[in-house]
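Student: Please read through the structure below; I'll follow up with questions.
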Amino acid sequence: MAGRGRGRLGSSLTQEQLQVLGCVGKDIPSVPTAPPPTFPPLLSKPVPLENSTVQDYMTLWKEDFLTQMRDSPYHLEPAVHNNSNIQRYSDQFVNVLENSKQKSKVEIPWHLMPAELRPNWKRRKVATAPTLPKKKKENLIEDRLKVLEQKEKIDENPEKQAVHGSDSEEEKEEEEPEIDEDDEMDEENDYGNNYFDNGEAFNEEDDNLDDGPIY
Amino acid sequence: MSIQCGELCAVIIKQYFGENAQKVADLLFSSGSRNLSSLVKATNLTKAQVSMVLAVLIKFQLVTFEPSFSNENIPEYSIKKEAVLQMLRYPRYVHLMHTKYGTVGSTLTEELLRSGSQTASQVILKCFSSAENKDTMAAYRDTFVQMVRDNYLIRCPMPRITESPVIIPVLEIEQHLLFRPPDLDLGKLQKLQSGATTEVPDGDSYWRVNFDRLHQDFRDNIMTTAVERKMGASAAECFKYILQQMYEKTDAWQKDYSNPITFIEVKQAIEKKSNNLELMKNLDQYITLIAEDNIGFIRKIGETGGGQYVVEMKKVFDELSQVCTENIITEKFGSKASRIFRVIRSKRFIEQEDIQKEAMVPSKEAKLLTYKLFEEQFIQIKTIRKAGGGGSGPAKSFFLFTINEKQIVRMLLDMSYKALFNAISRSSYEKRDNKRLIDKSQKLDSIVEAMKERGESEEYIAEILETLTPPEREVLEKVKARIKTLSSAELAIDDTLFLFQMHQYYNSS
């Protein structure tokens, strides 16, 4: 039923079905081209509402209860940031009302709720808990590395190991400055390389933001 | 959940708990369940604000929480649609408690509804201190205990006791504790009232209103009223006793039909409790009358014990919701459309030509009304294509009109949600638009009340009352009348909503 307009449920008969119903020519309802009126006239008089003392009791009680709820500390409105430069005459009354609202205390049984909802609560337990398995994992890796090193020592002679070690160090040294150079190059030459703009890329970002459909 | 229902729930939450709560509730409705950090991100509220909203909604049993599937230390929150919609019925709950337990009962219920859940001692102390007619504290305690015994109040689940503090409490309660009255020592309550610090024995057990029990009464009331309208007051009384007997053997919310009730049992109950001599004299005839009615409130299944009967809740609510649908069609399209609807319902599948014959409506009018009913989705078309044709011309088809009751109930529920949303929105608009006037009149009322208490002269009071000018008074009267009409409409729509919800409950698997 979503998005099908006010009061119209969107179903209609097909031409074939209309013919079977005996609707031909001008009998066939025209296709609606404009939205229906906001307040269409009522075809029949609505059924009058029950007007009893019980109904009166309930309506009065509801209004009273809603007022109480609005004034209760459970009614949570967004904080209004008033411009401090502007002083209004009404502020003094509003402040009095707000203060009276704060006087009644919020009574929340925190022991029945998740701990994260409590004011000033910090997730301490969770932070300490995962360190233990991590240590274990590190130990395991270290042990494994030691075993592998010992194996290498047995298998290969120390000279080769030295050559390999120096090679790998050189590679690392070469890689790091290269990355830095690339970054610098990008920053310096960015303007020159991507200067030309034929206008096709205009508004392209909006399409890729995945903000949902644009109507 | 439909869009209409989501919008209605949001507007109800805003009415009772403010804009921040509405933002959080909106997200919970759209996404099912979410954790705190994602709620903070999506609402643009601070963590403290979202936490407070969630805490309040949990206190009012509108939001539940459970450990996340991916991480047991992170709770995920989800909103209870039914509980939010129940807030529309608060006036009816309080009225029912008022009729059963008087002012004390309604005050206790009101206090519990206002705070969501509360310990028994706190509820009693608050009611006692705020009551105008000053009933005794013992009266409040006794009524509270009686309401628990009658299952109108229920104990909230408590967190499982563990050695170390837990991040997400596991709430549980044993079945036998749900309706066990609290131990309330009047002496201790008096001490607390006078300001002394003393330990209250029920300090850790919270209570709330048992909405299921209240709904059970509403449901029974719908059926008894239907019997009364059709067969009179004595038949309604008889049916009330049948229901009482049913509850002794059957779970209140058992679907389909109840366990058998015998004629003798009903007779004994009536002889014990009733003063209606006419009912006692003609009991067998009344029971036969109720059993033979086409709505089918009860059905005879045997002859043991003077006749065995079962109550068929599902059938009753099917029929009553059908009657309600017919009334809606009559209101919207007139009695002829309603007649066409009834014809289609009785025949199950029927062709257009037969409709006009059976309903005795002129051909053109019948077609127009059938089209309207189809357009508004009260009836549907089932197409049956005739086999063959062999390419020589179009294959002949039969178009049969039919009714899908479940779909109609869903649609009418959506319409009710939308109507409620409109009524509440309009009411809020009227209040917002005339806020200054309403506030002024409320302030004046409280001043005048205080002046009367002080014993000020009538002339001076009249002078104060003149602060509200005649044009302002006129506008205010109009606004109040409009708000009252909208509130009455809300309650009336909620009646229909309840009936259709019952239909859905009994037709759910």
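The values are calculated or read from the model by the stated rules, or taken from the named source; none is laboratory data. On a predicted model such as this, the values are computed, not experimentally measured, just so you know. Backbone-built Cβ (ideal geometry, glycine too); neighbour counts: all protein chains shown. Side chains included, ligands, DNA and RNA excluded: accessible areas come from the protein's heavy atoms. Shrake-Rupley method; radii C 1.70, N 1.55, O 1.52, S 1.80 Å.
Student: On the basis of being touching a strand residue (DSSP E or B) at 6+ places or on another chain (Cβ under 6 Å), in contact (Cβ under 8 Å) with a residue 40 or more places away in the chain, open to solvent by less than 60 Å² (accessible area, probe 1.4 Å) and of a type outside the set (Ser, Thr, Tyr), does B:Ile344 make the cut?
Tutor: So B:Ile344 fits the description; yes.
Student: Filter region B:40-61 for residues that are more than 11 Å from chain A (Cβ to nearest Cβ) and either open to solvent by less than 10 Å² (accessible area, probe 1.4 Å) or touching a Leu at 6+ places or on another chain (Cβ under 6 Å) (or both) and give the result.
Tutor: Across region B:40-61, the qualifying residue is only B:Ala42.
Student: Of the residues that sit in region B:382-409 and are out of contact with any strand residue (DSSP E or B) (no Cβ under 6 Å at 6 or more places or on another chain) and hydrophobic (A, V, I, L, M, F, W, C), which one is modelled with the lowest pLDDT?
Tutor: Ranking the qualifying residues of region B:382-409, first place goes to B:Ala387.
Student: Suppose we filter region B:64-100 for residues that are open to solvent by less than 50 Å² (accessible area, probe 1.4 Å), more than 10 Å from chain A (Cβ to nearest Cβ), of a type in the set (A, V, I, L, M, F, W, C) and outside any helix (DSSP H, G or I); how many remain?
Tutor: So the answer is 1.
Quick grid of which residues meet (1) of a type in the set (Asp, Glu); (2) open to solvent by less than 80 Å² (accessible area, probe 1.4 Å); (3) at pLDDT 70 or above:
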position: A:Phe93; (1), (2), (3): no, no, no
position: A:Val106; (1), (2), (3): no, yes, yes
position: A:Arg124; (1), (2), (3): no, no, no
position: A:Thr131; (1), (2), (3): no, yes, no
position: A:Lys137; (1), (2), (3): no, no, no
position: A:Glu149; (1), (2), (3): yes, no, yes
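Student: Among the residues of region B:3-19, write down those that are facing chain A (nearest Cβ under 7 Å) and open to solvent by 10 Å² or more (accessible area, probe 1.4 Å).
Tutor: Across region B:3-19, the qualifying residues are B:Ile3, B:Gln15, B:Glu19.
Student: Any residue at all in region B:146-169 that's over 20 Å from A:Pro109 (Cβ atoms), more than 14 Å from chain A (Cβ to nearest Cβ) and among the acidic types (Asp, Glu)?
Tutor: Yes - at least one qualifying residue is present in region B:146-169.
Student: On to the next question. Is one or more of the residues making up region B:20-34 more than 22 Å from A:Lys122 (Cβ to Cβ), among the small types (Gly, Ala, Ser) and within 7 Å of chain A (Cβ to nearest Cβ)?
Tutor: yes
Student: Within region B:115-123, is even one residue in a loop (DSSP other than H, G, I, E, B), in the same structural domain as B:Gln190 (by TED's automatic domain parsing) and either of a type outside the set (A, V, I, L, M) or open to solvent by 50 Å² or more (accessible area, probe 1.4 Å) (or both)?
Tutor: yes
Student: For B:Glu19, all conditions in the list (1) farther than 22 Å from A:Ser72 by Cα; (2) touching a Pro at 6+ places or on another chain (Cβ under 6 Å); (3) assigned to a helix (DSSP H, G or I) hold save one; what is the number of the exception?
Tutor: Against the list (1) farther than 22 Å from A:Ser72 by Cα; (2) touching a Pro at 6+ places or on another chain (Cβ under 6 Å); (3) assigned to a helix (DSSP H, G or I), B:Glu19 comes up short only on (1).
Student: B:Leu491 - would you say it is open to solvent by less than 30 Å² (accessible area, probe 1.4 Å), of a type in the set (A, V, I, L, M) and more than 14 Å from every other protein chain (Cβ to nearest Cβ)?
Tutor: no
Student: Which condition does B:Ser129 not pass, out of (1) away from chain A (no Cβ under 14 Å); (2) open to solvent by 50 Å² or more (accessible area, probe 1.4 Å); (3) outside any loop (DSSP other than H, G, I, E, B), if it passes all the others?
Tutor: The number of the failed condition is (1).
Student: Test each condition in (1) open to solvent by less than 30 Å² (accessible area, probe 1.4 Å); (2) touching a Phe, Trp or Tyr at 6+ places or on another chain (Cβ under 6 Å); (3) part of a helix (DSSP H, G or I); (4) not polar (S, T, N, Q) for B:Leu279 and report the one that comes out false.
Tutor: Among (1) open to solvent by less than 30 Å² (accessible area, probe 1.4 Å); (2) touching a Phe, Trp or Tyr at 6+ places or on another chain (Cβ under 6 Å); (3) part of a helix (DSSP H, G or I); (4) not polar (S, T, N, Q), the lone unmet condition for B:Leu279 is (2).
Student: Let me ask something additional. Could you pull out the residue among B:Asn434, B:Asn507 that is surrounded by 13 or more Cβ atoms within 10 Å (Cβ to Cβ), more than 16 Å from A:Glu63 (Cβ to Cβ) and more than 10 Å from chain A (Cβ to nearest Cβ)?
Tutor: B:Asn507
Student: Just give me the residues in region B:172-213 being of a type in the set (Gly, Ala, Ser) and not in a helix (DSSP H, G or I), in sequence order.
Tutor: Passing the criteria: B:Ser194, B:Gly195, B:Ala196, B:Gly203, B:Ser205.
Student: Sort through B:Gln216, B:Gln175, B:Gln193 and tell me the only one that's touching a helix residue (DSSP H, G or I) at 6+ places or on another chain (Cβ under 7 Å), of a type in the set (S, T, N, Q) and within 24 Å of B:Gly116 (Cβ to Cβ).
Tutor: Only one candidate passes the filter, namely B:Gln193.
Student: Specify which of the listed residues (B:Gln216, B:Gln268) is more than 32 Å from the chain's Cα centre (by Cα) and in a helix (DSSP H, G or I).
Tutor: Going through B:Gln216, B:Gln268 in turn, just one is more than 32 Å from the chain's Cα centre (by Cα) and in a helix (DSSP H, G or I): B:Gln268.
Student: With respect to the numbered conditions (1) under 24 Å from B:Lys14 (Cβ atoms); (2) surrounded by 11 or more Cβ atoms within 10 Å (Cβ to Cβ); (3) free of Cβ contacts under 8 Å to residues at least 60 places away in the same chain, which one is the sole condition not fulfilled by B:Leu400?
Tutor: (1)
Student: Just checking, which of B:Ala291, B:Ala252, B:Ala196, B:Ala269 is aliphatic (A, V, I, L, M), within 30 Å of B:Glu110 (Cα to Cα) and either outside the structural domain of B:Ile154 (by TED's automatic domain parsing) or open to solvent by less than 30 Å² (accessible area, probe 1.4 Å) (or both)?
Tutor: The conditions single out B:Ala252.
Student: Looking only at residues in region B:330-378 that are of a type in the set (Val, Ile, Thr) and within 11 Å of chain A (Cβ to nearest Cβ), which one is nearest to B:Leu413 (Cα to Cα)?
Tutor: Checked region B:330-378; the qualifying residue nearest to B:Leu413 (Cα to Cα) is B:Thr330.
Student: Sticking with this one: Whether any residue in region B:431-442 is touching a helix residue (DSSP H, G or I) at 6+ places or on another chain (Cβ under 6 Å), among the polar types (S, T, N, Q), farther than 30 Å from B:Met502 by Cβ and outside any loop (DSSP other than H, G, I, E, B) is what I want to check.
Tutor: So far as region B:431-442 goes, yes, one or more of its residues are touching a helix residue (DSSP H, G or I) at 6+ places or on another chain (Cβ under 6 Å), among the polar types (S, T, N, Q), farther than 30 Å from B:Met502 by Cβ and outside any loop (DSSP other than H, G, I, E, B).
Student: Against the definition (within 7 Å of chain B (Cβ to nearest Cβ) and at pLDDT below 80), how does A:Ser12 come out, yes or no?
Tutor: Here the answer is yes, as A:Ser12 does meet what is asked.
Student: Now for a different question. For B:Ser106, work out the one condition from (1) within 10 Å of another protein chain (Cβ to nearest Cβ); (2) small (Gly, Ala, Ser); (3) in contact with a Leu (Cβ under 7 Å, 6 or more places away or on another chain) it doesn't fulfil.
Tutor: (3)
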